[in-house]
1. Could you work out how much longer the chain between residue 96 and residue 20 gets when fully extended? Use 0.36 nm per residue separation minus the Cα distance between them, nm to one decimal.
2. Sorting 43, 77 on the 10 Å Cβ count, fewest up front, what's the list?
3. Is the range 43-100 best put as rounded, prolate or oblate by its Cα gyration tensor, with a ≥ b ≥ c the root eigenvalues, rounded for a/c under 1.5, and otherwise prolate when a/b is larger than b/c, oblate when not?
4. Using only the Cα atoms of the range 2-110, what are the Rg and Dmax in Å?
5. In which sequence would 83, 61 go, from the one with the fewest C-beta neighbours within 10 Å to the one with the most?
6. Mean residue ellipticity at 222 nm from the helices of the chain, using -39,500 (n - 2.57) per DSSP H segment of n ≥ 4 over the full residue count, to the nearest 500 deg cm²/dmol?
7. Got a sec? How would 74, 115 order by Cβ neighbour count within 10 Å, fewest to most?
8. Pairing the Cα long axis of helix 36-51 with the longest principal axis of the chain, what angle in degrees results, from 0 to 90 and rounded to the nearest 10?
């Protein structure tokens with residue numbers, strides 16, 4: 001699996017050192033169509049591991065429509081630091097190595113933004 005940054009100014013690793021929370025991890029995956037089955041197996045294994053980690057709240061995987069092989073993982077964590085501890089663990093790193101070679105992941109950490117009359121933070 002190859003990692004790609006979503007933001008040219010702030011890296012995913014930099015975000016994982018922040019003590020902000022709660023946070024939402026958005027991870028976009030792109031892969032070759034023939035690797036979809038292997039990708040889903042690897043992601044399910046990752047998700048099962050992450051569910052057991054301190055600070056994990058929830059996750060949901062989404063797939064693009066019309067035969068798309070773009071997937072989006074939306075995961076909620078108590079803090080970026082908790083996500084970072086789970087991400088850096090040797091157990092997770094071993095799981096990440098099992099993704100198909102065609103997989104390109106673009107993870108980024110977000111927080112809610114308040115927009116008056118539209119969104120609450």
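1. 24.9 nm
2. Least to most surrounded, the residues fall as 43, 77.
3. oblate
4. Spelled out, the Cα radius of gyration and Dmax of the range 2-110 are 13.3, 39 Å.
5. Working: 83 27, 61 16.
Fewest to most other Cβ atoms nearby, the residues stand as 61, 83.
6. Mean residue ellipticity at 222 nm (helix-derived): -8500 deg cm²/dmol.
7. Least to most surrounded, the residues fall as 115, 74.
8. Helix 36-51 sits roughly 40 degrees off the main axis of the chain.
No lab work stands behind these numbers, since they all come straight from the coordinates. This is a predicted model, so every value here is computed, not measured. Heads up, the Cβs are rebuilt from the backbone with ideal geometry, glycines too, and the neighbour counts pull from every protein chain shown.
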